[in-house]
């Protein structure tokens, strides 16, 4: 799972929660540019989890650009960011 969050503390906490609670393997990016660099560099993930609003390009732009590169990647953008995920959604995402 690629997690994109501009706040490094929130990114770290989100990655920790996903890995500890659900066994998700995560990649982290602090910006749209960093996320695209990971994708273009061959980073492998099955889902893009991104906040909607962050500095630079927004989450919707990131989703569009990511899907141009990986057409079928699922994208989840909780309105309040990755830390506001519903527990049942998160568990289902990590089981795939």
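When you go through (1) surrounded by 14 or more Cβ atoms within 10 Å (Cβ to Cβ); (2) more than 22 Å from residue 21 (Cβ to Cβ); (3) modelled with pLDDT of 80 or more; (4) under 13 Å from the mean Cα position of the chain (by Cα) one by one for residue 58, which number turns out not to apply? That leaves (3) as the condition not met.
Quick grid of which residues meet (1) within 13 Å of the chain's Cα centre (by Cα); (2) modelled with pLDDT of 90 or more; (3) not in a helix (DSSP H, G or I):
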| residue | (1), (2), (3) |
| --- | --- |
| 34 | yes, yes, no |
| 37 | no, yes, no |
| 52 | yes, no, yes |
| 66 | yes, yes, no |
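Here residue 77 passes the criteria (1) modelled with pLDDT of 90 or more; (2) surrounded by 16 or more Cβ atoms within 10 Å (Cβ to Cβ) except the one numbered (1).
Residues in the range 34-55 that are surrounded by fewer than 18 Cβ atoms within 10 Å (Cβ to Cβ) and farther than 10 Å from residue 4 by Cβ: 37, 40, 41, 42, 43, 44, 46, 47, 52, 53, 55. Could you check how many residues of the range 1-32 are outside any loop (DSSP other than H, G, I, E, B), in contact (Cβ under 8 Å) with a residue 40 or more places away in the chain and within 23 Å of residue 71 (Cβ to Cβ)? Here the count works out to 3.
The values are calculated or read from the model by the stated rules, or taken from the named source; none is laboratory data. A quick note: this is a predicted structure, and the numbers were derived from the prediction, not measured. Cβ sites come from the backbone with ideal geometry, for glycine too, and all protein chains shown count toward neighbours.
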